[in-house]
Amino acid sequence: MKQNKLSYKISQFLMFGGPATILFFAVVILPFFYGLYLTFTSWDGVSAKKPFVGLDNYKAAIADTAYWQSLGRTFVYSVISVVLVNIVAFLLAYMVTSGIKGQNFFRAGFFIPNLIGGIVLGYVWKFVFNRAFVAIAEAATQSEHASLLSTPNGAMFCLILVSVWQYAGYMMLIYVAGFMSVDQSLKEAAMIDGCNKGKAMWHVVIPLMRASFVQCIFLSTTRCFMVYDLNLSLTKGEPFNQSVLAAMHVYNQAFVYKNYGTGQAEALVLFIVCAVIGMLQVYFGKKGEVAA
Amino acid sequence: MEGQVSTRTKVLHALMIVVLTIVLLLFIAPFILVVINVFKTKADINTEPLALIGKHGFTLDNFPRAMEKMNFFTVFGNSVVITVSATILTILFSAMCAYVIVRNPSWRFGGAVFALMVASMVIPFQVLMVPLVSVYGGLLNVLNSRITLILMHTGFSVSLAVFMFHGAIKTNIPNELEEAASIDGCSKWRTFWTIVFPLLKPTVATVAIIDAMAFWNDYLLPSLVLGRRELYTIPIATQIFYGTYSNDIGLIMAALLLAMLPILILYLFLQRYIVEGVTSGAVKG
């Protein structure tokens, strides 16, 4: 049988899967391992020489306090954003699935911020914070006001606000799908058994929507942890580098300060964080399947 | 009793509509602010950013100046070419790849490639950007080309797309159809394109929407690949433009509106499909 020959299998696989597999290996797998190699060199970004330096980059990464500060900042930013995004998204989803008029209109409307990339959104909001908010504050108090973006805490607040604004509409769509997948008769049965609306929601609907919660929480966590575009356009890390998040620090370390090896070593820490988040998601997702 | 409940529900619904309307207005307020300021002069924007019309009246001046300085038509064209080509390649290559993997579960390398693709989805781009620049810029010197960017976009997006096509083929396409075609003497290649691929339309739509939006809005990868002005995409051009003209706020408003307009217009027409596509993509991915 010609179909059992290895050469047949390989040629069939390459015919169908070749282009995708080759491109995938070329931009993901190969760079990933080449990146591991780069962490042991002190490449300057220009020359062909990549001197071997052992663990120096890892030592530099560990000693880089600005990096660990940016990671801590990213952690705080992500936790606050994820909590707020999910609360807002859940409430919006509840309201746009309750049977009111114009549900689809509202769903489509809340999603609009997700259509536009972080760079453009960041500049739009920069204008809002620097001009509109200042004008409103000055009109309300009749005194001079500085922009929120000019203080470290204000800048972090702005990043959180814009992230919540952007992601809430997206997560809302996932929660809407969750609400719609819950069998209404279960909720009705609970209410006949004497649950009020709140109790039915808490004990019946929300547990059945477990998969949506797992999905939204992990999706928003990864998005927030890796944010770069918005950080670049809205705050650029200012004031005084006090709003530099982890992804921006890695970028700057590599491409601005030209410490490619150290930047790559620091990026690997981000990879580990992402891998842990991914494994937790699989774990919680699986656990949910059994419970349901 | 019955009447009471429905009045209560009616009041509740009215209340929710009011709340949702207020929240929606707050949601789109930033865009409205851009729209009202784009028709003002620079001086009016600085003194009264919230006024509907400035003291110096209505002006259309900001648009032609921003278009010219941003090189809008070239930049827009680049974005369209890159987004469309990368989306088409992703769909074709991923559907083909998923097909061969699903239909030959005993082939070890197919399973291995699929497992690697799924696992790779947790790799953040930050881990790959330095080696990418090092290999494709330093060693091979193929950066500054739209084709390189298109192929890279495709390479990054095939893993999720293969995963989605894999699920769709496995659950929705019965093997019997292909067996019948095979008995009739149809080659695997023809069977795939004439029988399987047309049945994958819903997944094609989902992948197209998710990837096209991602490619259109991506900044980091294109900014690393495209270093020449005539190759810029909209996000890169916006970023450079802001850096150069940040004092001329009227120009900035026009540039931001131009950057947002194409996708907002598209959303007006394809809104239903986009909302559906994003939802099913997010739930499956």
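Computed from the coordinates by the stated procedures, all read-outs in this text should not be read as laboratory data. Keep in mind that this is a model prediction, so the values were computed, not measured. No Cβ is skipped: glycine too gets one built from the backbone with ideal geometry, and neighbour counts run over all protein chains shown.
For A:V53, the residues whose modelled amide H falls within less than 5 Å of its own, excluding neighbours fewer than 5 places apart on the same chain, are A:T41, A:S42. Sorted from longest to shortest, the spans of the Cα atoms of the range A:153-278 along the three principal axes equal 66, 30, 19 Å. Give me the lysines in straight-line cross-link reach of A:K236: C-alpha distance below 22 Å, same-chain residues under 8 apart excluded. Qualifying lysines at Cα under 22 Å: A:K126, A:K258.
Longest span of chain B, sites excluded, free of trypsin sites (Lys or Arg not before Pro) in DSSP loop with at most 15 other C-beta atoms within 10 Å?
B:56-227
Helices meeting the span-like rule in chain B (full DSSP H runs, Cα extent of at least 20 Å along the helix axis, mean Kyte-Doolittle score of -0.5 or higher): B:2-38, B:72-103, B:146-172, B:201-217, B:249-284.
The magnitude of the dipole of the range A:65-291, with charges of +1 and -1 set on the Cβ of Lys/Arg and Asp/Glu and taken from the Cα centre, is near 200 debye. Residues A:C195, A:C216, ranked from the fewest to the most other C-beta atoms within 10 Å, line up as A:C195, A:C216.
Calculate for the protein assembly as shown the 222 nm mean residue ellipticity that helices alone would give, adding -39,500 (n - 2.57) per DSSP H run of length 4 or more and normalising by residue count, nearest 500 deg cm²/dmol. The helix-only estimate for the protein assembly as shown comes to -23500 deg cm²/dmol at 222 nm.
Only one residue of B:M253, B:V84, B:V135 has its Cα farthest out toward the positive end of the dipole of chain B, where Lys and Arg carry +1 and Asp and Glu -1 on Cβ, and that residue is B:V135.
With Cα atoms defining each centre, the range A:1-51 and the range B:103-146 are spaced 7 Å apart in the structure.
Neighbour counts of other C-beta atoms within 10 Å: give me B:L149, A:L161 arranged from fewest to most. Numbers along the way, then the final one.
On the way: B:L149 25, A:L161 17.
Starting with the residue having the fewest Cβ neighbours, the order is A:L161, B:L149.
Inter-chain neighbour count for A:128-138: the average number of beta-carbon atoms from partner chains within 10 Å of each residue's beta-carbon is 3.
Taking 19 Å as the straight-line reach from the Cα of A:K287, the lysines in range (excluding those fewer than 8 positions away in the same chain) are B:K284. Filter chain A for me: DSSP H helices, axial length by Cα at least 30 angstrom, mean Kyte-Doolittle hydropathy not below -0.5. List them by residue number. Long hydrophobic helices here: A:65-96, A:152-181, A:260-291.
The mean number of Cβ atoms from other chains found within 10 Å of a Cβ in peptide B:133-141 is 4, as a whole number.
For the range A:81-184, which trypsin sites (Lys or Arg not before Pro) are both in a DSSP coil and crowded by at most 14 other Cβ atoms within 10 Å?
Numbers: sites: A:K101, A:R107, A:K126, A:R131; in loops: A:K101.
Those that pass, being in a loop and sparsely packed, are A:K101.
Each Lys and Arg adds +1 at its Cβ and each Asp and Glu adds -1 at its Cβ; summed about the Cα centre, chain B shows a dipole of about 120 debye. Leaving out same-chain residues fewer than 8 places away, which lysines sit with a Cα under 26 Å from that of A:K5? Of all the lysines, those that pass the test against A:K5 - Cα under 26 Å, at least 8 places apart if same chain - are B:K170, B:K188.
Mind checking the dipole of the protein assembly as shown: about its Cα centre, +1 per Lys or Arg Cβ, -1 per Asp or Glu Cβ, Debye to the nearest 20?
Values: 38 positive and 26 negative charges, 150 e Å.
The dipole magnitude comes to about 720 debye.
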